[in-house]
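One structure is given below, encoded as C-alpha cells.
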Amino acid sequence: MKDKIIVVEGDITKLDVDAIVNAANRSLLGGGGVDGAIHRAAGRELLEECRKLKGCETGEAKITKGYNLKAKWVIHTVGPVWRDSSVQEDEFLARCYRNSLALAKVQGIKTIAFPAISTGAYNFPMDRATKIAIKEIKNFLLKNNSIEKVFLVCFGISAYKMTQRILEKSLED
Ligand code: ADP
C-alpha cells in the first residue's frame with residue numbers, strides 16, 4: 001500500500017499518468033481552479049467532448065480523452081459543495097473517489113492522479129477531505145489490483161505537508 005499511494009506537490013496538468021481526475025462542476029463545461037487549468041492545458045477539444053456528456057451529478061464521474069495533456073484520460077467528477085458539515089457531504093465526496101476509481105478500473109488505467117476534490121471553491125475542509133480521499137483509495141486498492149499507483153496532487157506546500165501527514169498516519173492503522 002505504501003508505494004501505491006503517493007503524495008506530490010504541484011500542477012496536476014503536468015503529470016505523466018494514464019489519467020488525471022478533474023474536480024469539475026455539474027455542467028462539465030469548465031470553471032475555475034483545477035478545472036480551468038485542465039481545460040486550458042487540454043485544449044478546446046476537451047470542451048467539445050464534455051459538451052456531449054450533458055453534465056454530471058454530484059458524486060458521479062465521467063471520462064474523456066486527455067487531448068493535449070500528457071495524461072491519456074481525464075476523469076471528471078463533481079464534488080459536493082461544503083455547507084454544513086453534514087454526513088451527506090462526506091458521502092458524496094467519498095463517492096467521487098469510488099466512482100472515479102471504478103471508471104479507471106474499467107478503462108484499464110494503471111496510474112491516476114487526484115486533486116483535492118472540493119477543497120477549493122467548494123470549501124470542504126482540507127483535512128477532512130484528505131481523510132475521506134485516503135480511506136476510499138485504500139479500500140479500493142485493498143480489493144483491486146488493476147491500479148498500480150494513485151497520486152494525490154497537492155497545490156502548495158502546506159497542503160502537501162498535511163496530506164503527507166494524514167497518509168502516514170492512515171498507513172499505520
Ligand atoms: P472544487 O470546486 O472542487 O473545490 P477547485 O479547483 O476550486 O475545486 O479546488 C480543488 C483543489 O485543487 C484545491 O485544493 C486547489 O488548491 C487545487 N488546485 C487548483 N489548481 C490546481 C492544479 N493546477 N493542480 C492541482 N491542484 C490544483
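Taking each residue of the range 1-26 that is open to solvent by less than 30 Å² (accessible area, probe 1.4 Å) and looking for partners that are within 11 Å of the ligand (Cβ to nearest atom) and part of a loop (DSSP other than H, G, I, E, B) with beta-carbon atoms closer than 6 Å, six or more apart or interchain, yields Ile12/Pro115; Ala23/Gly79; Ala23/Pro115; Ala23/Ile117.
Screening the candidates Arg26, Arg83 for the property of being touching a Cys at 6+ places or on another chain (Cβ under 7 Å) and charged (D, E, K, R) yields one hit, Arg26.
A count restricted to the range 11-24 and to residues that are more than 7 Å from the ligand (Cβ to nearest atom) and in a loop (DSSP other than H, G, I, E, B) stands at 4.
As a summary of the residue check, Asp35 satisfies the conditions (1) free of Cβ contacts under 8 Å to residues at least 40 places away in the same chain; (2) more than 10 Å from the ligand (Cβ to nearest atom) except for the one numbered (2).
Per the listing Ser170, Ser100, Ser118, Ser158, the residue uniquely modelled with pLDDT under 95 and either within 16 Å of the ligand (Cβ to nearest atom) or among the small types (Gly, Ala, Ser) (or both) is Ser170. When Trp82 is tested against (1) open to solvent by less than 50 Å² (accessible area, probe 1.4 Å); (2) within 16 Å of the ligand (Cβ to nearest atom); (3) of a type in the set (A, V, I, L, M, F, W, C), just one condition goes unmet, and that condition is (1).
Trp82 passes every criterion in (1) closer than 26 Å to Asn144 by Cβ; (2) in contact with a Pro (Cβ under 8 Å, 6 or more places away or on another chain); (3) of a type outside the set (Gly, Ala, Ser) apart from (1).
The values are calculated or read from the model by the stated rules, or taken from the named source; none is laboratory data. Not measured: the values here are computed from a predicted model. Virtual Cβ from ideal backbone geometry, glycine too; neighbours counted across all protein chains shown. Note: accessible area is taken over every heavy atom of the protein model, side chains too, but ligands, DNA and RNA are not part of it. Shrake-Rupley method; radii C 1.70, N 1.55, O 1.52, S 1.80 Å.
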